[in-house]
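What follows is a set of notes on a single structure, which appears directly below.
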Amino acid sequence: KKSLKKNQKICCMINAKEIKNYNQLIILLEKNHHYLDVVRFAIDPKQLSFFFKIIKQAKKKFKKISFRINLMYLSKWYKDFHFANKLLNKIDSNIIEEIALVDSYGSLKPLETYNFFKKIISFHKDKKIGCHFHNNCGLALANTLSALDAGCYTADSTLKGMGRGAGNAETELLLSLKKAEKINISSYD
């Protein structure tokens, strides 16, 4: 951590289904909280209420850590706007600083992505909504660009697209396409 620049952060992701209760999360965070700036939780939307309660308690203890959520399985529920809206209404922005909506199966198409993100962001202007796409159909980069065009706050990408399953949007391609625009790209030369 000492070798990082001031604007660089250390982030970890926790697969929420592996956390059974508040005490288990606290034990895990106590070992590492001095190093962590951000903790993201990959959460099945069906488990959001349960994990939000646990995270809310943890936020009281670890005030310096930014807690964020990855809501999984977007392609299963993006057509049900009522469900999506209800999910996001459960999340308090004072506890959860950012929400990434995850196309876990990599099956969305760019137009579906754009329309969904445009609508959901317009209903939740108080929340920082991001995106995280998998590349199962070879559309992770295209979907990331569509979500950004729709107003996403952040977009996840990985070097060479390396990631779980078929991978994610490629950071180097995303940057080459976006570098001419006035966007905030930190720590990139």
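The values are calculated or read from the model by the stated rules, or taken from the named source; none is laboratory data. What you are looking at is a predicted structure, and each value in this text was computed from that prediction instead of being measured. All Cβ positions, even for glycine, are placed from backbone atoms using ideal geometry, and neighbour counts span all protein chains on display. Ligands, DNA and RNA are excluded from the accessible area calculation, which covers all protein heavy atoms including side chains. Shrake-Rupley method; radii C 1.70, N 1.55, O 1.52, S 1.80 Å.
Looking at Lys119, Lys128, Lys59, just one residue is more than 13 Å from the chain's Cα centre (by Cα) and either open to solvent by 50 Å² or more (accessible area, probe 1.4 Å) or small (Gly, Ala, Ser) (or both), and that residue is Lys119.
Here Thr113 passes the criteria (1) within 19 Å of Lys128 (Cα to Cα); (2) touching a Phe, Trp or Tyr at 6+ places or on another chain (Cβ under 7 Å); (3) β-branched (Val, Ile, Thr) except the one numbered (2). When Arg40 is tested against (1) modelled with pLDDT of 95 or more; (2) of a type outside the set (S, T, N, Q); (3) in contact with a helix residue (DSSP H, G or I) (Cβ under 9 Å, 6 or more places away or on another chain); (4) surrounded by 15 or more Cβ atoms within 10 Å (Cβ to Cβ), exactly one condition is not met: (3). Scanning the stretch 102-151 for residues that are of a type in the set (Phe, Trp, Tyr) and farther than 15 Å from Tyr73 by Cβ yields a total of 3.
Test Gly167 against the stated conditions and say whether it is modelled with pLDDT of 95 or more, touching a Lys or Arg at 6+ places or on another chain (Cβ under 9 Å) and small (Gly, Ala, Ser). No, not satisfied. Per the listing Leu28, Leu4, the residue uniquely among the aliphatic types (A, V, I, L, M), open to solvent by 40 Å² or more (accessible area, probe 1.4 Å), over 30 Å from Leu145 (Cβ atoms) and out of contact with any Lys or Arg (no Cβ under 7 Å at 6 or more places or on another chain) is Leu28. Among residues that are open to solvent by less than 90 Å² (accessible area, probe 1.4 Å) and of a type in the set (Phe, Trp, Tyr), Tyr105 is not included. For Ser146, the requirement of being at pLDDT below 95 and polar (S, T, N, Q) is not met. The selection criterion, being open to solvent by 60 Å² or more (accessible area, probe 1.4 Å), within 30 Å of Leu141 (Cβ to Cβ) and not charged (D, E, K, R), holds for Tyr73. Considered as a group, the residues in the stretch 76-98 that are touching a helix residue (DSSP H, G or I) at 6+ places or on another chain (Cβ under 7 Å) and under 19 Å from His134 (Cα atoms) include one that is surrounded by the most Cβ atoms within 10 Å (Cβ to Cβ), and that residue is Tyr78.
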